[in-house]
Amino acid sequence: MTKNANTMWGGRFAAGPDAIMEAINASIGFDRRLAPQDIAGSRAHAAMLAACGIISDTDAEAIGKGLLTVLSEIETGDFPFSTALEDIHMNVESRLRELIGEPAGRLHTARSRNDQVAVDFRLWVRDQCDQVDVALEALQLSLLGQAEAGADWVMPGFTHLQTAQPVTWGHHMLAYVEMLARDRGRFADARKRMNLSPLGAAALAGTSFPINRHMTAEALGFDGPMANSLDAVSDRDFALEFLAAASICAMHLSRLAEELVIWSSAQFRFVKMSDKWSTGSSIMPQKRNPDAAELIRAKIGRIFGANVALMTVMKGLPLTYSKDMQEDKEQTFDAADSLMLALAAMAGMVADMTANRDVLKSAASSGFSTATDLADWLVRELGLPFREAHHVTGSLVALAESKGCDLPDLTLADMQSVHAGIRPDVFDVLGVENSVASRTSYGGTAPAQVRARIAGWKEVLT
């Protein structure tokens, strides 16, 4: 074998890859992030091999201690990563051999890099599900704090970004708490499905060694081993499901970010963003730019892109492993990083922002936001069919527009000119506070309903 031969390929190849092949083939530049999971999997595998009598207890002990030394070197930044060794698995094994000698060569008994990377990546994604859940809860708590502070603050509710009906600030904040709860459920569901171990599936067909896959699964916190060796090494739907959940969660973050951008504008002034989460302009001294919200809104595209990219990688692959699957990690790593950063930034922004109660109320009182209340009153008090009440209300809105005023500013005579049966008590339903207070149906915007939901969430989250 020549001096440049890659020893991991054994005697089949007489010379190592050239620089281009090395660059395209190596994954150590990104899969080094799997080091803690790789070492955990290897330690569990070594302990199992010894328990099954496949290697000696002495060798297993040396391997276990040596792997902890390797992990320590990686954590302190003293580990000599090598592109020539391609990936994290061979880098760790090579260093282990330098540390403990011959026993290191027995570690790879009854496994392949195919099941090794599958278990490493599955462990990593499982860890990410746990971290995302913590970050989502932190954001929920920030939103809950805002909701509690403004449970009865009136603001406009929108459809088509046009004023629709008055709602409460607390109700609007709780809408995102509910969305994020479903996001947490999706990550929890994904975690449950991915919590099976591929370790021991070997290259694709299992192994002839008398291993105990249940032992390694238990040691690594899995619910059990995967039941089909072909599926075990070729499956990446656990990563795809993580990315799908991340994409939906990211979409929710982007919608909230968009609202913060709009609400913090001079035209709306619904909220003031903290200096911590805003930037100024290099030329316009009056500017307070919601850059953090805008960057969250932009980063979401990277998460969507990762989902599509990995789906595209996997869609045409026959069973079992193909080198294409090396492209699974960078996409997932980047998406997870982007999501965690977006969640942390959003939690900080929401906690620090200040809602302008007076502006919210003023906006809620404009744009004929109580028109539906008027129509409901006509149905409830005068017995009009809803379609007729809708027509009468529309005529009153047109009249108010022509007079340059809102519905509560019309006189009783104005209203009776459209429908003679309208009584003075109609004005009781035209105030925005009365409007929101009347929405007492379950899930409605009435302050009493909002406070009850806040209390329920506080029991869950705190």
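The values are calculated or read from the model by the stated rules, or taken from the named source; none is laboratory data. If you're wondering where the values come from, they're calculated on a predicted model, not measured in any experiment. A quick note on method: Cβ atoms are made from the backbone with ideal geometry, for glycine too, and the neighbour counts reach across all protein chains shown. Note: areas computed on protein heavy atoms with side chains; ligands, DNA, RNA excluded. Shrake-Rupley method; radii C 1.70, N 1.55, O 1.52, S 1.80 Å.
If I compute solvent accessible area with a 1.4 Å probe over the protein chains, what percent of it on the chain is carbon and sulfur?
Accessible surface attributable to carbon and sulfur in the chain totals 54 percent.
Ignoring everything but the protein chains, give the 1.4 Å probe accessible area of Lys272 in square angstrom, nearest 10.
Ignoring ligands and nucleic acids, Lys272 comes out at about 120 Å².
Leaving out ligands, DNA and RNA but keeping every protein chain, what accessible area does Met21 have, in Å² rounded to the nearest 10, with a 1.4 Å probe?
80 Å²
Counting only pairs 8 or more residues apart or on different chains, how many lysine pairs in the chain have their Cα atoms under 26 Å apart?
The number of close lysine pairs in the chain is 17.
I'd like to compare 163-171, 359-367: which one has the highest average count of other Cβ atoms within 10 Å, and what's the full order after that?
Ranked by mean Cβ neighbours within 10 Å, highest first: 163-171, 359-367.
Whole Å is fine, so just give me how far the alpha carbon centre of the stretch 147-169 lies from that of the stretch 288-302.
24 Å
How much length is gained if the chain between Phe304 and Met251 is pulled fully straight, taking 0.36 nm per residue apart and subtracting their Cα-Cα distance, in nm to one decimal?
Taking 0.36 nm per residue and subtracting the Cα distance, the gain is 18.2 nm.
Would you mind calculating the relative contact order of the stretch 365-409 from Cα pairs under 8 angstrom and at least 6 residues apart, reporting the percent as a whole number?
41 percent
Using Cα centres only, tell me the gap between the stretch 429-459 and the stretch 212-263 in whole Å.
36 Å
Along the charge dipole of the chain, Cβ charges K/R +1 and D/E -1, which of Ala298, Leu343, Ala44 sits furthest on the positive end?
Ala298
If I take R0 = 51 Å and measure r between the Cβ atoms of Glu327 and Ala266 in this structure, what FRET efficiency does the formula 1/(1 + (r/R0)^6) give, to the nearest 0.05?
It comes out at approximately 0.65.
Where nothing but the Cβ of Lys and Arg (+1) and of Asp and Glu (-1) is charged, how large is the charge dipole of the chain around its Cα centre, in debye to the nearest 20?
Taking the Cα centre of the chain as origin, the dipole is about 200 debye.
How high is the relative contact order of the stretch 19-106, in percent, counting Cα pairs under 8 Å that sit 6 or more residues apart?
40 percent
Could you work out the local net charge near Asp328, counting Lys and Arg as +1, Asp and Glu as -1, over the other residues with Cβ closer than 12 Å to its Cβ?
Net local charge, Asp328 excluded: -4.
Taking Cα atoms, how many degrees apart are the long axis of helix 88-100 and the longest axis of the chain, rounded to 10 and kept between 0 and 90?
Its long axis makes an angle of about 40 degrees.
Work out, step by step, the length gained on full extension between Glu22 and Lys276: first 0.36 nm times the residue separation, then minus their alpha carbon distance; give nm to one decimal.
Between Glu22 and Lys276, full extension yields 87.0 nm more.
Dipole of the stretch 363-461, Cα-centred, from +1 at each Lys and Arg C-beta and -1 at each Asp and Glu C-beta, to the nearest 20 debye?
380 debye
Report, in debye and to the nearest 20, how large the dipole of the stretch 19-106 comes out about its Cα centre when Lys and Arg carry +1 and Asp and Glu carry -1 on their Cβ.
Here the stretch 19-106 has a charge dipole of around 120 debye.
Give me the accessible area per residue for the chain, probe 1.4 Å, as a whole number in Å².
46 Å²
Tell me which of Gly150, Leu256, Thr320 sits at the most positive position along the dipole axis of the chain, charges placed on C-beta atoms (Lys, Arg +1; Asp, Glu -1).
Highest projection toward the positive end goes to Thr320.
Given points 7 Å out from each Cα along the Cα-Cβ axis, report the Ser366 to Glu178 separation in nanometres with one decimal.
Output for this residue pair reads 2.8 nm.
Which one, Val392, Val460, Met415, projects farthest toward the positive side of the charge dipole computed for the stretch 363-461 from Cβ point charges (K/R +1, D/E -1)?
Val460
Met311: accessible area at probe 1.4 Å, nearest 10 Å²?
Spelled out: Met311, probe radius 1.4 Å, area about 100 Å².
Using 7 Å Cα-to-Cβ label points, what is the Arg97/Glu433 separation (nm, one decimal)?
8.0 nm
For a label point 7 Å from the Cα of Leu461 along Cα→C-beta, name the residues of the stretch 146-172 whose backbone N is under 18 Å from it.
Residues passing the 18 Å test: 146-153, 168-172.
For the chain, calculate the relative contact order in percent as a whole number, restricting contacts to Cα pairs under 8 Å that are 6 or more residues apart.
16 percent
When the solvent-accessible surface of protein heavy atoms is calculated with a 1.4 angstrom probe, in what order do His172, His45 fall, highest first?
So, going from the largest accessible area down, we get His172, His45.
Give the peptides 409-421, 141-153 in descending order of average Cβ contacts within 10 Å, highest first.
Final packing ranking: 141-153, 409-421.
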